[in-house]
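Notes follow the structure.
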Amino acid sequence: MEPRFVDIHSHVVPSGDDGVQNVSEGLALARDAFEHGTGLLYATPHVSPALPLTEERERRIRKAFAELRERAPLELRLGFELTPMRAFLDEDPRRYVLEQVAYVLVEIPFVGAADAFIDVGEWIERAGLTPVVAHPERTEAVLRNPGLADELAGRGWPLQVNASSLLGRHSPEMEREGWRLVDDGLAALVASDGHRATRPMLLDGAYELTRGRVGEERASRLFDGSALGLAVGTVPERGLSL
Ligand SMILES: [Fe+2]
């Protein structure tokens, strides 16, 4: 399959979080993504109260990322996935951008209110950047109050739904909310949030379901990166023979 998907959310670089644990595992996940249609993939290690981005951790992440980028059969870029915490507010959010675009990926905490999320989103905006809302359909705050997703989309904050939610890999409620965001035109894009071989990317399966539901044109826009001004470019030659 010609690679055509842009995936802005994955845990394909070892970083000490719950994603891949070493470069070879990351390479296997990247190859699998490529074989299932992904041409541009962002590695977005978690940054959270339990796992802040210390200088030492960042050095290790960047080293593993460079090694993986060299060997992966697709274009790999670095970003981060922020879990809201007050400590961010003393920092410069530009440290955490998705490489080459003015967006920062932030998740609403799975449990609890979204207040800290809003504060972090506004901190990102003050720097002239835009927060991308990671998997709102998987969070208690949105499942209890779906109007919150509408409000965040209304702020111009792109909502990113997980492919795994659309495929019913989490819970029926998350699946239903994910499709509501797609059906109502609130979702800006779908990404994998792929973590490991047992939780792979699944973008092609989610794309086919989405295409059947909302048609090819809308489905393409949700999977081709255009929501963030991204596109699959020239696939590097390196790595194809690995
Ligand atoms: Fe994630």
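The values are calculated or read from the model by the stated rules, or taken from the named source; none is laboratory data. Since we're looking at a predicted model, the values are computed, not measured. When we count neighbours, we look across all protein chains shown, and the Cβ atoms used for this are built from the backbone with ideal geometry, even at glycine. Keep in mind that these areas ignore ligands, DNA and RNA; they rest on the heavy atoms of the full protein, side chains included. Shrake-Rupley method; radii C 1.70, N 1.55, O 1.52, S 1.80 Å.
Projected onto the charge dipole of region 5-228 (+1 at Lys/Arg Cβ, -1 at Asp/Glu Cβ, origin at the Cα centre), which of Leu152, Phe65, Pro131 gives the Cα projection farthest towards the positive end? Checking the options against the dipole of region 5-228, the answer is Phe65. Ranked from largest to smallest solvent-accessible area, with a 1.4 Å probe on the protein heavy atoms, Glu140, Glu56 come out as Glu56, Glu140.
Beta bridges per DSSP, both residues in the chain: antiparallel share near 5 percent. In this rough spin-label picture, where each label sits 7 Å from Cα along the Cβ direction, the Ala28-Ala87 distance is 3.2 nm.
Multiplying the residue separation of Arg59 and Thr198 by 0.36 nm and removing their Cα-Cα distance gives an extension gain of 47.3 nm.
Can you send over the carbon and sulfur percentage of the accessible area for region 1-88, probe radius 1.4 Å, protein chains only? Result for region 1-88: 51 percent of the exposed heavy-atom area is carbon or sulfur. For the chain, the solvent-accessible area of protein heavy atoms averages 42 Å² per residue (probe radius 1.4 Å; ligands and nucleic acids excluded). Treating the beta-carbon of each Lys and Arg as +1 and of each Asp and Glu as -1, no other charges, what is the dipole magnitude of the chain about its Cα centre, to the nearest 20 debye? Here the chain has a charge dipole of around 400 debye. Computed extension length for Leu167-Asn145: 5.7 nm, one decimal, from 0.36 nm per residue of separation with the Cα-Cα distance subtracted.
Residues whose amide H lies under 5 Å from that of Glu81, counting only those 5 or more places away or on a different chain, are His46, Val47; hydrogens are built 1.01 Å from N in the peptide plane. Quick one: with all protein chains in place, what share of the accessible area of region 132-210 is carbon or sulfur, to the nearest percent (1.4 Å probe)? Carbon with sulfur: 49 percent of the solvent-accessible area. The spacing between region 114-159 and region 80-101, judged by their C-alpha centroids, is 14 Å.
Put a plus charge on the Cβ of each Lys and Arg, a minus charge on the Cβ of each Asp and Glu, and nothing anywhere else: the dipole of region 1-66 about its Cα centre is then about 220 debye.
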